[in-house]
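What follows is calculated from the coordinates using simple rules that are stated; it is not laboratory data. Computed from a predicted structure; not experimentally measured. Cβ placement follows ideal geometry from the backbone for every residue including glycine, while neighbour counts extend to all protein chains displayed.
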Amino acid sequence: MHHTKGNGNFASFSMEDFLKKSKGYAVIDGGLATELERHGADLHDPLWSGKCLISSPHLIRTVHLDYLEAGADILITASYQATIQGFMAKGLSEKESEALLAKSVSIACEARDMYYERASEGSCIEDGRVLNKRKILVAASVGSYGAYLADGSEYDGNYGDSVTLATLKEFHRRRVQVLAEAGADLIAFETIPNKIEAQAFAELLDEDDIKIPAWFAFNSKDGVNVVSGDSLVECTLVANSCKKVVAVGINCTPPRFISALILSMKKVTSKPLLIYPNSGETYDADRKEWVESTGVSNEDFVSYVNVWREAGASLIGGCCRTTPDTIRAIHKVLSAGSSTAVPSKD
Ligand SMILES: [Zn+2]
């Protein structure tokens, strides 16, 4: 039974409609790498969670399912660091590399199918699992060029002068096309560290007749600008002027910065705002690992949720180092507050 094939028709998808039908908000899933490791995957590789596409796709599916049962309405695929260039450097052919990208989408779609099967078996909530039939979106992740470099440069956005708009478009073009045709509902451009990469994504969406919409998520390490130092307002305007962008926001940024960032974005766009912060821990780019105990607890994370909602965010989830417990708690807060939530004023 395939009741969940991706929404292949751009014209028929409206994020506003989706949000309206889901009480005005939606829950995005949480961190993938941490969970894959918890399930036994070894991610010490430049391809990071992309490596699991080759070695253990079942683990990815399990993590996706965990997030759906925690209450996530949107799954982000395991393609953040999966690139044709990266796979080919590992010795795969171009064809095999493209097939792996498509596989990241089909794994998420399989998890969604399995979830729908479980949900149709009956009960709403049992043993803390959220089991109800609702519209679930699969968002195909596209990490920034810095994520491919695997040197942490998506956290500073400085690619050097040799990397131009044309370089970035050329780098991303085929991946975006493959993912757009693999059955996802939308593309999630994530951890965008600078304005030039946002421009590259916007131009690709327009020029290459991509049939599904996209969201843009920027990251910040000072609560004011994006990580490269480029103006968040200017980056938001790039997203705002692209018709295919159906939501814009922030990911992989400490929770304490989020409110101010949403408020400044809201001044220049009326597109739905999304946020999926990291746990607040610091990433050590040299050692390529998260520095433990620099972050906030799940309770602290969740205490922000209503503030973010009031500030104008309608899509809320977690990025690195967040878990199904984080997402379950976000789901709980949002579903408890939805009856009294103030509708967005614009
Ligand atoms: Zn992250």
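Give me the percent of Cα-Cα pairs in the range 95-170 that sit more than 18 Å apart, rounded to a whole number.
Working: 1766 of 2850 pairs.
The share of Cα pairs beyond 18 Å in the range 95-170 comes to 62 percent.
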Run the quick spin-label model on Met88 and Asp300: label points 7 Å from Cα toward the beta carbon, then report their separation in nm to one decimal.
4.5 nm
Holding the Cα-Cα limit at 28 Å, pick out from Lys133/Lys271; Lys135/Lys271; Lys20/Lys243; Lys195/Lys244; Lys23/Lys51; Lys90/Lys169 the pairs that are longer than that.
Lys23/Lys51
How large is the Kirkwood hydrodynamic radius of the range 37-162, counting all unique pairs of alpha carbons, in Å?
15.8 Å
Relative pair counts by distance (%), Cα atoms of the chain, 10 Å bins
6, 28, 39, 23, 4, 0
Counting sequence-distant residues (5 or more places) and residues on other chains, those with an amide H built under 5 Å from that of Thr282 are Val291, Thr294
In debye to the nearest 20, how big a dipole does the range 68-108 give about its Cα centre with +1 on each Lys and Arg Cβ and -1 on each Asp and Glu Cβ?
160 debye
Taking a crude spin-label model, label points 7 Å out from Cα along the C-beta direction, the Ser14 to Glu310 distance in nm is 3.0 nm
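Return the tail of the calculated pair distribution for the range 37-81, meaning the percent of Cα-Cα pairs more than 18 Å apart. Working shown, then result.
On the way: 263 of 990 pairs.
Here the tail beyond 18 Å accounts for 27 percent of pairs.
Just want to confirm a number: the relative contact order over the chain, from Cα pairs under 8 angstrom separated by 6+ residues, in percent.
Working: 690 pairs, mean separation 68.3, N = 346.
Normalised by residue count, the contact order of the chain is 20 percent.
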